[in-house]
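Below: the structure, in structure tokens.
Where a number appears in this text, it was derived from the coordinates with a stated rule and is not lab data. Keep in mind the model is a prediction, meaning the values are calculated, not measured. For neighbour counting, all protein chains shown are included, and Cβ atoms are generated from backbone atoms with ideal geometry for every residue, glycine included.
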Ligand code: COA
């Protein structure tokens, strides 16, 4: 047995033994989404149910699984401070049994420690290699925080891809570990609609050969990828690595040859997609994951030329204020890296950012372009940062434009059935200037 295997055996515990190492009121952090340590969380919830532990504060981005601790009755025992709200946590946050911590994604590693010492860093990782390293796998996002934690616990999972980059932790830095077999979760999207395809084409027309891409969440990025198949020499510097990006690499559209940093490599911080994507990422030296304080730093993002940041939103008002994270006052998701990348694209030579959305929601009954935002809606991207908005009706270029010009540009890409009403409301509050200019 080599030295690292021996250390592995020394630190390996049954999950029930591992969770005995937690104390009440521990402040805990994990990497996000599909790497949530499900076996540790389940066993910890069991301890909490038995009344052995309480007051745990847990920080994680977008939990994917309906875990036992996500029960309102557990909230005083294991309290979630969500760094991004996901389907299993929507109602918990809305009903007041969990909290949301507002922060630009790239700044979370600075903002969580403001709350106090980190007692435990715990995350799921790939199996150990012969040198004693585990890959953080599908998410390296908050991994900058493990060195600040008093204890580091790993859950080793054979379904986790071994992703390259600043994405490794050595056995000597780990306190205890356990093994789990439950496969990491997968995510699939439905068929593209006609509107999705049209939006994809409009966005693709703004992406020159050699551009560097960031693609955000939701169905929209898939539509855009389909429209990019005849481009050349694209690069990837993103927070999320998607199935669509894999398709662009396989098609030879992305080769990262025109990047100024990480030439030849696709850079991201996490993934959430199909099993085929996880297999593609496994031991792939062309793709690197890095902590989010690096990938999402606007200064780093801006070092590549022709950056194209493409994200989506819930609604936008005629001033160009973009709400991407709430439906009225109800948290729906989070800011994520939307603003990090919009600001990064602004720094990039030739860079542009695009918010792409369908013009309507709820089967065409609601206009996503509003005169003013819905009461309680959160401003994700301010009117000072916004650049381009795209719907299936075209593109509204807002940067460098007055409120009047913005309102007119946005009304022109609203669904035709809402345009007259929007114009009337815009005149009522004088967003469109009286001179008509
Ligand atoms: N009013 C009311 N409801 C609306 C709405 C509006 N204006 N716009 C969308 N919705 C509803 C939809 O009907 C849908 O409801 P359902 O879940 O009941 O079907 C839900 O909101 C999600 O809308 P959808 O368009 O399907 O979302 P999406 O999966 O394409 O994601 C965002 C869009 C904006 C939620 C997502 O991109 C996000 O969270 N962005 C913020 C973070 C970010 O951009 N990070 C950067 C990159 S990772």
FRET efficiency for residue 73 and residue 435, using Cβ-Cβ distance with R0 set to 56 Å, rounded to 0.05: 0.40
Per-residue Cβ neighbour rank within 10 angstrom, fewest leading, 188, 97: 188, 97
Normalised contact order of the chain, rounded percent, pairs of Cα under 8 Å and 6 or more residues apart: 13
Length-normalised contact order for the range 31-94 - Cα pairs under 8 Å, 6+ apart - percent: 36
Gain in span if fully extended, residue 101 to residue 257, counting 0.36 nm per residue against the direct Cα distance: 52.4 nm
Packing-based order for 42-51, 66-75, using average beta carbon neighbours within 10 Å, highest first: 42-51, 66-75
At 0.890 mPa s and 25 °C, Stokes diffusion of the chain via Kirkwood alpha-carbon radius, µm² per second: 109
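Relative to the compact globular guide of 2.2 N^0.38 Å, what is the alpha carbon radius of gyration of the range 280-437, as a ratio?
In units of the 2.2 N^0.38 Å rule of thumb, it is 1.13.
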Kirkwood Rh, Cα atoms: Rg over Rh of the range 47-150: 0.98
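Hey, what did the range 44-194 get for relative contact order, percent, Cα under 8 Å, at least 6 apart?
Working: 238 pairs, mean separation 24.8, N = 151.
Here the relative contact order equals 16 percent.
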Among 80-86, 177-183, the order from most to least packed when residues are scored by Cβ within 10 Å on average: 80-86, 177-183
Nitroxide proxy distance, nm - points 7 Å out along Cα→Cβ at residue 420 and residue 10: 7.9
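How big is the C-alpha Rg of the range 248-324 next to the rule-of-thumb value 2.2 N^0.38 Å, as a ratio? Walk me through the intermediate numbers first.
Details: Rg = 15.2 Å, N = 77, 2.2 N^0.38 = 11.5 Å.
Against the compact-globule rule of thumb, the ratio is 1.33.
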Label zone at residue 158 (point 7 Å along Cα-to-Cβ), backbone N below 14 Å, the range 111-132: 126-128
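Suppose R0 equals 22 Å; then what is the FRET efficiency for residue 209 and residue 284 from their Cβ-Cβ distance, rounded to the nearest 0.05? Could the numbers behind the result be given before it?
Values: r = 24 Å, r/R0 = 1.08.
E between residue 209 and residue 284, to the nearest 0.05, is 0.40.
Would you mind calculating the gained length between residue 46 and residue 24 on full extension (0.36 nm times residue separation, minus the Cα-Cα distance), in nm to one decimal?
Working: separation 22, 0.36 × 22 = 7.92 nm, distance 1.37 nm.
Extra length available between residue 46 and residue 24 comes to 6.6 nm.
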Rounded FRET efficiency, nearest 0.05, which uses the C-beta distance separating residue 365 from residue 166 and R0 of 51 Å: 0.65
Acute angle (nearest 10 degrees) that the helix 38-49 long axis makes with the longest principal axis of the chain, alpha-carbon atoms: 70
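Based on the mean of other beta carbon atoms within 10 Å per residue, what is the order of 221-230, 373-382, most packed first?
Highest mean packing first, the order is 221-230, 373-382.
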Where a label projected 7 Å from the Cα of residue 372 along Cα→Cβ would reach, residues of the range 305-349 with amide N under 20 Å: 314-330
